[in-house]
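Worksheet: the structure to be examined is printed underneath.
The values are calculated or read from the model by the stated rules, or taken from the named source; none is laboratory data. In this text, all values refer to a predicted model and were calculated from it rather than measured experimentally. Quick reminder, even Gly has a Cβ in these numbers, built from the backbone with ideal geometry, and neighbours come from all protein chains shown.
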Amino acid sequence: MSSEKIFRKACELMPGGVNSPVRAYRAVGMTPPFIDHARGSHIYDIDGNCYIDYVGSWGPMILGHAREEVVQAVKEAAARGTSYGAPTTAEVELAEMIQQAVPSMEMLRMVNSGTEAVMSAIRAARGFTGRELIVKFEGCYHGHSDGLLVKAGSGLLTENVPDSAGVPAAFAETTLIARYNDLESVRSLFERYGKRIAALIVEPVAANMGVVPPEPGFLEGLRAITRKYGAVLIFDEVITGFRLGYGGAQQYYGVIPDMTTFGKIVGGGMPMAVYGGRKDIMACVSPVGPVYQAGTLSGNPVAVAAGKAMLKLLGDDPAIYDRLEERSIRIEKAFRDAIERYQVKAVINRAGSLMSIFFTGNPVKCFEDVMTSDLDKFRQYFAAMKSCGMYIAPSQFEAFFVNDALTEEDLQMTERAIDRALSIWKE
Ligand SMILES: *Cc1c(COP(=O)(O)O)cnc(C)c1O
């Protein structure tokens, strides 16, 4: 069966034929390849194509696919039972590993998705402060819970509106929207609503509007403002955690939040996420405190085993992050060289092993800048990369993820592909 054929059937059974929208390839107007298997840096579709994978399941596969240690851990755990709904030693060991990697996680809880981690962190912050409003940034993604599917209305900083049908306006009203890399926009919200703001949530490197790194001083500024007003600073490290370094973005930039959410890498590719932070805040969570949060499959033994194996690999070999940086620099350079060579109107943003090309002449520092990029050009670039065997995110608004399984041959092929893809507009 071909991807084309199975996709037609999938579309009858699931909205858009998929279980998460970006997989439908709508932004690039193609049929998504259905995946048969993946190994190391390569991903194989059911049509017999092999690609070099720069999606990595949207982040988790930082070491490449099917790492023996992780697969073995999953097999062993599954053989002992796939779920108990009861405490295990392994989850305590994983909690300790997370705390050692990220000391601000004084106390934490495991959940099943990034969405759930963020939703729970915000509830804890509201319970702790007794306040209701939260601040998020335009273009940052924090999962699909109601209060976070909110965008700026016509007057930025004032009326916010749901970013999805089905989200009550009343929920949107409790979310204030600021502009990424614009401390003034944050300050004016706090001056107006400061005493009512429970938490400010931010992706320390925005990676869901394409990659937009924080400007120097931005994260420090958020730390100072939230402290001044007694609001909880939440770093959503679902993508950056264990990726920018073993200690995540907070270690990389040296700014310590009150609470943090992790997902993606922390579960080694299994459904698992974590939220936590200051002990006084986490002590508000049930059964110790009055903030309710629970999960039948939370701390699932198979997911915990995968997460432990993944963190052990990352924690035991700090050179992984140096290699990721080197490879990412090399790929970034290939983009820059080709942009220069073919005079493409494009910019590259990069933070560690996360990067994006935006087809615009302006520097990209916030969502408004992102929106100046030429999506038609992105589509053409995507098609060219795909035909060169590159499996990249089918959307301008997602990151290019570099992994540690890439070989020298993969990198050379990637350099050639980038050169080829950016040459297509040459007269
Ligand atoms: C992916 C992501 C989420 C949501 O995680 P899910 O596991 O998809 O629910 C939340 N925040 C950030 C920053 C993410 O990248």
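Check residue 164 against each of (1) over 21 Å from the mean Cα position of the chain (by Cα); (2) assigned to a loop (DSSP other than H, G, I, E, B) and name the one condition it does not meet.
So residue 164 meets the others, but not (1).
Looking at 67, 80, can you tell me which residue is of a type in the set (Lys, Arg), over 17 Å from residue 296 (Cα atoms) and surrounded by 22 or more Cβ atoms within 10 Å (Cβ to Cβ)?
Step by step, each of 67, 80 is checked, and only 67 is of a type in the set (Lys, Arg), over 17 Å from residue 296 (Cα atoms) and surrounded by 22 or more Cβ atoms within 10 Å (Cβ to Cβ).
Taking the criterion of being modelled with pLDDT under 95 and within 16 Å of the ligand (Cβ to nearest atom), would at least one residue in region 191-202 satisfy it?
no
Which one is farthest from the ligand (Cβ to nearest atom) among residues in region 83-92 that are more than 25 Å from residue 58 (Cβ to Cβ) and surrounded by fewer than 16 Cβ atoms within 10 Å (Cβ to Cβ)?
89
Given the options 376, 369, name the one that is surrounded by fewer than 20 Cβ atoms within 10 Å (Cβ to Cβ), at pLDDT 95 or above and more than 26 Å from residue 100 (Cβ to Cβ).
Residue meeting the stated conditions: 376.
What residue, of 255, 186, 202, 232, is under 23 Å from the mean Cα position of the chain (by Cα), closer than 26 Å to residue 393 by Cβ and of a type in the set (A, V, I, L, M)?
202
Quick one: which helices (runs of 4 or more DSSP H) lie wholly within region 315-391 and hold at least 3 residues that are within 22 Å of residue 265 (Cα to Cα), under 21 Å from the mean Cα position of the chain (by Cα) and in contact (Cβ under 8 Å) with a residue 40 or more places away in the chain?
Details: elements: 319-341, 367-370, 375-387.
Filter on region 315-391 gives 319-341.
Would you say residue 238 is within 13 Å of the chain's Cα centre (by Cα) and closer than 17 Å to residue 184 by Cβ?
Values: within 13 Å of the chain's Cα centre (by Cα): yes; closer than 17 Å to residue 184 by Cβ: no.
Considered against the rule, which asks whether it is within 13 Å of the chain's Cα centre (by Cα) and closer than 17 Å to residue 184 by Cβ, residue 238 comes out as no.
Can you find a residue that is over 24 Å from the mean Cα position of the chain (by Cα), at pLDDT 95 or above and farther than 25 Å from residue 380 by Cβ anywhere in region 39-47?
There is at least one residue in region 39-47 that is over 24 Å from the mean Cα position of the chain (by Cα), at pLDDT 95 or above and farther than 25 Å from residue 380 by Cβ.
Looking at region 255-274, which of its residues are near the ligand (Cβ under 9 Å from one of its atoms) and within 23 Å of residue 226 (Cβ to Cβ)?
Of everything in region 255-274, those that are near the ligand (Cβ under 9 Å from one of its atoms) and within 23 Å of residue 226 (Cβ to Cβ) turn out to be 261, 263, 273.
Identify the residue in region 133-151 that is farther than 17 Å from residue 367 by Cβ and out of contact with any strand residue (DSSP E or B) (no Cβ under 6 Å at 6 or more places or on another chain) and, among all such residues, is farthest from the ligand (Cβ to nearest atom). First the steps, then the outcome.
Step one: of region 133-151, the residues farther than 17 Å from residue 367 by Cβ are 133-134, 143-147.
Then drop every residue that is not out of contact with any strand residue (DSSP E or B) (no Cβ under 6 Å at 6 or more places or on another chain), which leaves 143-146.
Values: 143: 4, 144: 7, 145: 9, 146: 14 Å.
Taking the candidates together, the pick is 146.
Quick check, is residue 137 modelled with pLDDT of 95 or more, under 21 Å from the mean Cα position of the chain (by Cα) and buried (at least 19 other Cβ atoms within 10 Å of the Cβ)?
Answer is yes for this residue.
Restricting to region 376-427, what's the tally of residues that are in contact with a helix residue (DSSP H, G or I) (Cβ under 8 Å, 6 or more places away or on another chain), among the hydroxyl-bearing types (Ser, Thr, Tyr) and farther than 24 Å from residue 205 by Cβ?
Of the residues in region 376-427, 1 are in contact with a helix residue (DSSP H, G or I) (Cβ under 8 Å, 6 or more places away or on another chain), among the hydroxyl-bearing types (Ser, Thr, Tyr) and farther than 24 Å from residue 205 by Cβ.
Looking at region 111-128, is at least one residue more than 16 Å from the ligand (Cβ to nearest atom), among the polar types (S, T, N, Q) and in contact (Cβ under 8 Å) with a residue 24 or more places away in the chain?
Checking region 111-128: not a single residue is more than 16 Å from the ligand (Cβ to nearest atom), among the polar types (S, T, N, Q) and in contact (Cβ under 8 Å) with a residue 24 or more places away in the chain.
For region 205-240, which positions are within 10 Å of the ligand (Cβ to nearest atom) and not in a strand (DSSP E or B)?
205, 207, 208, 237, 238, 239, 240
Tally time: how many residues in region 24-79 are farther than 22 Å from residue 417 by Cβ, in contact (Cβ under 8 Å) with a residue 12 or more places away in the chain and within 16 Å of the ligand (Cβ to nearest atom)?
Matching residues across region 24-79 total 1.
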